[in-house]
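See structure below.
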Amino acid sequence: MATLIDIKNLNLFYGTFQALKNVTFTIPEKAITAFIGPSGCGKSTLLRTLNRMNDMIPGTKIDGQLKISGTEVYSNQVDVETLRKKVGMVFQQPNPFPKSIYDNIAYGPRLHGITNKAKLDEIVETSLKSAALWNEVKDHLRRSAFGLSGGQQQRLCIARALAVNPDILLMDEATSALDPISTLKIEELVQELKNNYTIVMVTHNMHQAARVSNQTVFFLNGEVIEYAETDKLFTTPKDQRTEDYISGRFG
């Protein structure tokens, strides 16, 4: 698989606290990469560096290399709005806008200058189909997104992210607030989406990482302890700390 994201010697500080320490690995395109590790180990912090969400936190300092498609993400030449169009994100809690289902999906395309109604209709339908939600909402597009169930709201947020045609989809604990049936639907959806998108997911659920990801990265105290194909990392980990974590000895 071709490399899409290349991270070398990446360090991140919140003020004097070092949240990421000398992180180095690559992420292949059109595959699912899972970040696992105990709370506070740096996995969500690294996820947020990929679309510069950490820029919003005062006192953040980053050094090292982070390239997406060969472009240095933290270069002064990078337009952050364009970057976030290419690198979409779905959060832990479903966060639909206080708008209709239709307007949630059309929001991003409109922001990027698409005003033609036929084009917007097409984007809304395609995005909802991609998020396996179209058949459930196609007759209610003008209803409030808040009327959807939690699992449907999360799929709506995935559809909203897909509507601006990203290359990468970041998922930060995207199923942790959902019931098992909704979680399964999103796991099945993610497996389909990897045919067209590169997916990077943070999860506390090791079973989920084992079920859906192609590669897994294990973080501990801001460091990458081990990075391998998921099957290998879970069956024959090279580092004792990885084995201790996945066998439940800590975390």
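Values for this structure:
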{"read-out": "Every pair of residues 6+ apart whose Cβ atoms lie under 8 Å, when the first sits in segment 126-146 and is farther than 11 Å from LEU156 by Cα while the second is in a strand (DSSP E or B) and modelled with pLDDT of 95 or more", "value": "LEU141/SER100; ARG142/SER100; ARG143/SER100; SER144/SER100"}
{"read-out": "Hits in segment 213-234 (condition: part of a strand (DSSP E or B) and touching a Gly at 6+ places or on another chain (Cβ under 7 Å))", "value": "PHE218, PHE219, LEU220"}
{"read-out": "Checklist (1) in contact (Cβ under 8 Å) with a residue 40 or more places away in the chain; (2) surrounded by fewer than 20 Cβ atoms within 10 Å (Cβ to Cβ) applied to ALA2, failing item", "value": "(1)"}
{"read-out": "Matching residues in segment 10-44 - criterion: being buried (at least 21 other Cβ atoms within 10 Å of the Cβ), part of a loop (DSSP other than H, G, I, E, B) and hydrophobic (A, V, I, L, M, F, W, C)", "value": "CYS41"}
{"read-out": "Set GLN65, GLN92, GLN77, GLN18: member being within 13 Å of the chain's Cα centre (by Cα) and either at pLDDT 95 or above or on the phi < 0 side of the Ramachandran plot (or both)", "value": "GLN92"}
{"read-out": "Lone qualifier among GLN18, GLN65 - being among the polar types (S, T, N, Q), in contact (Cβ under 8 Å) with a residue 40 or more places away in the chain and under 25 Å from GLU81 (Cβ atoms)", "value": "GLN65"}
{"read-out": "Residue count for segment 209-249, restricted to those that are without any contact (Cβ under 8 Å) to a residue 40 or more places away in the chain, of a type outside the set (A, V, I, L, M), closer than 22 Å to THR198 by Cα and touching a Lys or Arg at 6+ places or on another chain (Cβ under 9 Å)", "value": "2"}
{"read-out": "Residue within segment 39-53 that is over 25 Å from THR175 (Cβ atoms) and in contact with a strand residue (DSSP E or B) (Cβ under 8 Å, 6 or more places away or on another chain) present", "value": "no"}
{"read-out": "Matching residues, segment 86-109, being surrounded by 18 or more Cβ atoms within 10 Å (Cβ to Cβ) and of a type in the set (Phe, Trp, Tyr)", "value": "TYR102"}
{"read-out": "Filter result for the condition that a residue is of a type in the set (Val, Ile, Thr), in contact (Cβ under 8 Å) with a residue 24 or more places away in the chain and buried (at least 20 other Cβ atoms within 10 Å of the Cβ), over ILE199, ILE181", "value": "ILE199"}
{"read-out": "Test for ILE57: is it of a type in the set (Val, Ile, Thr), over 18 Å from the mean Cα position of the chain (by Cα) and modelled with pLDDT under 95", "value": "yes"}
{"read-out": "Subset of segment 118-170 that is part of a helix (DSSP H, G or I) and in contact with a Ser or Thr (Cβ under 6 Å, 6 or more places away or on another chain) - its residue that is surrounded by the fewest Cβ atoms within 10 Å (Cβ to Cβ)", "value": "GLY151"}
{"read-out": "Filter result for the condition that a residue is closer than 30 Å to LEU141 by Cα, part of a loop (DSSP other than H, G, I, E, B) and not acidic (Asp, Glu), over PRO96, PRO58", "value": "PRO96"}
{"read-out": "Residue list for segment 45-61, restricted to those being surrounded by fewer than 16 Cβ atoms within 10 Å (Cβ to Cβ) and either in contact with a Cys (Cβ under 8 Å, 6 or more places away or on another chain) or touching a residue at least 12 places away in the same chain (Cβ under 8 Å) (or both)", "value": "ASP55, ILE57, GLY59, LYS61"}
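Table: residues versus (1) at negative phi; (2) charged (D, E, K, R); (3) touching an Asp or Glu at 6+ places or on another chain (Cβ under 9 Å).
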{"site": "ASP172", "(1), (2), (3)": "yes, yes, no"}
{"site": "LEU189", "(1), (2), (3)": "yes, no, no"}
{"site": "ASN195", "(1), (2), (3)": "yes, no, no"}
{"site": "VAL200", "(1), (2), (3)": "yes, no, no"}
{"site": "THR203", "(1), (2), (3)": "yes, no, yes"}
{"site": "ALA210", "(1), (2), (3)": "yes, no, yes"}
{"site": "ILE225", "(1), (2), (3)": "yes, no, yes"}
{"site": "ARG249", "(1), (2), (3)": "yes, yes, yes"}
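The values are calculated or read from the model by the stated rules, or taken from the named source; none is laboratory data. Because the structure is a prediction, the values reported are computed rather than measured. Backbone-built Cβ (ideal geometry, glycine too); neighbour counts: all protein chains shown.
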